[in-house]
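The values are calculated or read from the model by the stated rules, or taken from the named source; none is laboratory data. Given the structure is predicted, the values throughout are model-derived calculations rather than measurements. As a convention, Cβ positions derive from the backbone with ideal geometry for all residues, glycine included, and neighbour counts pool all protein chains shown.
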Amino acid sequence: MTVLQIFFLIVALVILGSSLMVVTTRNLIHAALWLIVTLFGVAVLYAVLNAGFLAVVQVVVYIGAIAILFIFAVMLTRKELRDRGPQLNRGWWLNVIIALLTFGGLFWMLQSWNGFSKTAAAFPSSYDALGQLGNALISPNAFVLPFEVASVLLLAALVGAVYIAFNPPSGDSRK
Amino acid sequence: MIPLSWFLILSAALFSIGLFGVLSRKNAVAILLGIELMLNAVNINMVSFWRYGDVSQMAGQVFAIIVFAVAASEVAVGLALVISVYRRRNTVIAEELDLMKW
């Protein structure tokens, strides 16, 4: 077992443990903080996979924006300082079975694929992955159309979020 | 080197944990947290397929970036909906939201 494999196992344990805490912990603020740990572990995995740009974007966008948005939403939508009562639905053991069946089905499907246990070729040392990614994002022969659609989607989401969360002043006739 | 199977098993496990969170949490914000876990599992798969396939084909990384954009917009609109519902109904428990319009 190489050093990289041991490192991967440690990161995987951190990711799985913190994501279990995200879905089971009672306090939602703690759940959002455990989500940050999970997202950071995923960013480390991107770095292991030679996708450095995605690791940086994961930290900036997910941890810097999305997790903070979650913490804001939790703070804006709680009545009491402490969460009371059960945080899980009544039939949660049924959902455990569904999740385990999903994992089993995915694992069965993947292990029947003959490329399941292949290892990566060595990363070419002179290969400029970030430059290739930038070219692919703006080249008309590659992915410029999905890129522009994603930007329109972000604009629509921005306008929609402002419209939905806007609090009309009292006495406003709009309903 | 790490075999591809390790990444795939990790992402399948992360997806299942996120699915459990979506199905069994009561709070609407916690349901969105579970969706984030599932989107991250998909992203691990896409980046590892890029790395273990042909690294000169950038489709895996490009669609991982598009999943980032979709996740950001989904969270922004979803949390705006949760906050708007909280203002009108004073609850964020998904089971108690049983009216279409108020």
How about segment A:122-148: which of its residues are more than 15 Å from B:Val55 (Cα to Cα) and more than 8 Å from chain B (Cβ to nearest Cβ)? A:Ile138, A:Ser139, A:Pro140, A:Asn141, A:Val144, A:Leu145, A:Glu148
Only one of (1) in contact (Cβ under 8 Å) with a residue 24 or more places away in the chain; (2) not in a helix (DSSP H, G or I) does not apply to A:Leu133, and that is (2)
Of these, A:Val42, A:Val48, A:Val11, A:Val22, which one is in contact with a Ser or Thr (Cβ under 8 Å, 6 or more places away or on another chain) and either within 9 Å of chain B (Cβ to nearest Cβ) or at pLDDT 90 or above (or both)? A:Val22
Taking segment B:45-64 and the residues there that are β-branched (Val, Ile, Thr) and surrounded by fewer than 22 Cβ atoms within 10 Å (Cβ to Cβ), the one that is farthest from A:Tyr163 (Cα to Cα) would be B:Val55
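Yes/no per residue for (1) loosely packed, with under 14 Cβ neighbours inside 10 Å; (2) in a helix (DSSP H, G or I); (3) in contact with an Asp or Glu (Cβ under 8 Å, 6 or more places away or on another chain); (4) without any contact (Cβ under 8 Å) to a residue 40 or more places away in the chain:
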residue: A:Met1; (1), (2), (3), (4): yes, no, no, yes
residue: A:Arg26; (1), (2), (3), (4): yes, no, yes, no
residue: A:Trp34; (1), (2), (3), (4): no, yes, no, yes
residue: A:Thr38; (1), (2), (3), (4): no, yes, no, yes
residue: A:Ala47; (1), (2), (3), (4): no, yes, no, yes
residue: A:Val61; (1), (2), (3), (4): no, yes, no, yes
Of everything in segment A:116-126, what is surrounded by 12 or more Cβ atoms within 10 Å (Cβ to Cβ) and out of contact with any Lys or Arg (no Cβ under 9 Å at 6 or more places or on another chain)? Give them in sequence order. A:Phe116, A:Ser117, A:Lys118, A:Ala121
Within segment B:1-44, can you find the residues that are surrounded by fewer than 23 Cβ atoms within 10 Å (Cβ to Cβ) and in a strand (DSSP E or B)? B:Pro3, B:Asn27
Mind checking which residues of segment A:104-114 are facing another protein chain (nearest Cβ under 7 Å) and out of contact with any Phe, Trp or Tyr (no Cβ under 8 Å at 6 or more places or on another chain)? A:Phe107
Pairs needed: first member in segment A:89-116, outside the structural domain of A:Leu20 (by TED's automatic domain parsing); second member anywhere, part of a loop (DSSP other than H, G, I, E, B); C-beta distance under 7 Å; at least 6 residues apart or different chains. A:Asn89/B:Lys26; A:Leu110/A:Phe116
